[in-house]
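Notes follow once the structure below has been shown.
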Amino acid sequence: MREVITDSRKIGDVISFFSRTTDEIVTLEELKRTLESGRQLVMKYGVDVTAPDIHIGHAVNLWMYRKLQELGHKVVFLIGDFTTQIGDPTGKNKTRPIIPLAEIQRNADAFIKQAEMILHTEPEVLEVRRNSEWLTELSARELLNLMSMVTNDKLIAREMFRQRIAKGEEIYEHELIYPILQGYDSVILGSDLTIIGSDQLYNEMMGRAYQVKFGKKPQIIITTKITPGIDGKGKQSKSVGNYISLLHSPREKFGRIMSMPDNLVTQYFQVYTEVPLDEIAVMEDEYSDNLMEYKLRLAKEIVRRYHGGEIAEGEYEWFKKTFSKREVPDDAPRISIGAAEASIYRILRQCFPTEKSNGDIKRLIIQRAVTVSGNTVTDPEEKIRLTPEGIQIKAGKRTWFIVVP
């Protein structure tokens with residue numbers, strides 16, 4: 001078993017690290033006192049697996065849990081396979097659709113694999129549980145007992161429910177009991193601490209309240225900052241496409257960072273890297289007249305965090321060569337189409353045999369995102385004559401091909 005570290009300096013370093021990503025701690029005094037107690041903490045990391053991807057916004061919490069694992073504490077990775085079937089109403093203005101159990105299981109397996117890219121995986125500091133273990137066994141009497149501990153006014157006081165009521169829209173009873181069940185998870189696990197996005201504070205405060213009612217010590221809650229997605233608008237979301245997934249390749253991560261607005265760079269440095277804050281301040285000043293280089297440094301640091309320094313350096317050089325110097329990358333695929341001449345649509349159809357639909361390819365062309373030897377092509381039926389040495393085709397921002405007959 002790992003030793004629980006109580007050295008005040010090391011604990012102070014962790015809390016200092018947390019300050020760059022933390023919105024609120026309930027409460028800081030409890031956190032310090034509990035970390036200094038010498039007892040291994042049970043830290044609940046609860047997720048509803050509505051989708052299979054973890055993005056770097058989710059990963060902020062995982063990096064914080066990792067720091068606490070390194071002090072000897074244990075993460076209980078709680079898969080909300082039961083509560084996923086209800087759907088967390090937080091921030092939603094309509095009822096979530098029911099997700100099939102088989103899809104929930106696939107999402108859960110993918111989620112666990114991604115979380116293990118960051119968390120330490122030794123059994124003494126990581127345990128995986130599912131809340132179906134106890135919620136499927138919860139009797140009607142037990143559920144009624146839980147419901148008797150909270151008022152209806154408290155449950156419908158949430159902003160998204162108030163908005164629905166004002167619009168005359170329905171609120172279903174299973175949505176109202178969602179925070180009750182999430183709170184009960186904390187009782188069952190004996191959670192000492194949980195790290196969540198600030199939008200989950202209501203649900204986890206319910207956990208604290210239930211723990212007190214069951215005669216247990218209330219969990220410490222750390223809420224983390226929610227940053228805009230790479231479009232500079234709402235939070236990162238797969239449905240919107242403004243996110244950076246842990247499953248994205250190093251090149252895709254790098255490219256997505258380079259596509260985001262310049263005014264997000266400092267915020268992303270602070271939240272998504274471990275570069276010291278004083279160094280970030282120096283870079284922000286140093287690169288005030290060279291925002292491209294500032295953003296390149298950010299992209300390299302984020303890729304380094306997930307894939308290592310060598311890969312990050314390689315992606316940095318690839319991007320500069322390809323985009324800054326406008327050179328075709330050395331690893332551009334060489335595609336033979338079996339003809340001396342073909343329409344640009346037919347050529348791209350062979351370049352993207354499965355990755356893009358017919359409609360996707362036509363949109364790329366019509367939207368002026370395709371160049372042939374540096375010249376933009378906008379007609380899908382335009383004929384392209386090929387040469388034995390090959391011609392350069394760029395499709396989108398980061399995809400190149402050398403096409404031969």
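Of the residues making up region 160-187, just one is out of contact with any Lys or Arg (no Cβ under 9 Å at 6 or more places or on another chain) and under 28 Å from I15 (Cβ atoms), namely Q182.
Residue selection: S245 satisfies the criterion of being touching a residue at least 40 places away in the same chain (Cβ under 8 Å) and either under 17 Å from the mean Cα position of the chain (by Cα) or not assigned by TED's automatic domain parsing to the domain that holds W400 (or both).
Restricted to helices (runs of 4 or more DSSP H) entirely inside region 170-277, those with at least 2 residues that are of a type outside the set (F, W, Y) and closer than 25 Å to Q85 by Cα are 173-176, 178-189, 201-213. For the residues D360, D379, the requirement of being within 30 Å of the chain's Cα centre (by Cα) and at pLDDT 85 or above singles out D360. Would region 271-291 turn up any residue that is touching a residue at least 12 places away in the same chain (Cβ under 8 Å), of a type in the set (A, V, I, L, M), closer than 20 Å to I195 by Cα and not assigned by TED's automatic domain parsing to the domain that holds L41? Yes, region 271-291 contains a residue that is touching a residue at least 12 places away in the same chain (Cβ under 8 Å), of a type in the set (A, V, I, L, M), closer than 20 Å to I195 by Cα and not assigned by TED's automatic domain parsing to the domain that holds L41. For region 362-377, how many residues are out of contact with any strand residue (DSSP E or B) (no Cβ under 8 Å at 6 or more places or on another chain), surrounded by 11 or more Cβ atoms within 10 Å (Cβ to Cβ) and not charged (D, E, K, R)? Final tally of qualifying residues: 2. Kindly check whether there is at least one residue in region 37-44 that is surrounded by fewer than 18 Cβ atoms within 10 Å (Cβ to Cβ) and in contact with a helix residue (DSSP H, G or I) (Cβ under 9 Å, 6 or more places away or on another chain). No - not one qualifying residue is present in region 37-44. Within region 1-52, the set of residues being over 30 Å from K238 (Cα atoms), in contact (Cβ under 8 Å) with a residue 24 or more places away in the chain, in a loop (DSSP other than H, G, I, E, B) and not small (G, A, S) comprises M1, R2, E3, V4, I5, T6, T27, E36, R39, Q40, L41.
Residues in region 374-389 that are in contact with a helix residue (DSSP H, G or I) (Cβ under 9 Å, 6 or more places away or on another chain) and touching a residue at least 24 places away in the same chain (Cβ under 8 Å): V377, D379, P380, E381, E382, K383, I384, L386.
Restricted to helices (runs of 4 or more DSSP H) entirely inside region 286-405, those with at least 2 residues that are within 30 Å of P276 (Cβ to Cβ) are 291-307, 309-319.
The values are calculated or read from the model by the stated rules, or taken from the named source; none is laboratory data. Nothing here was measured: the structure is a model prediction, and the numbers come from that model. All Cβ positions, even for glycine, are placed from backbone atoms using ideal geometry, and neighbour counts span all protein chains on display.
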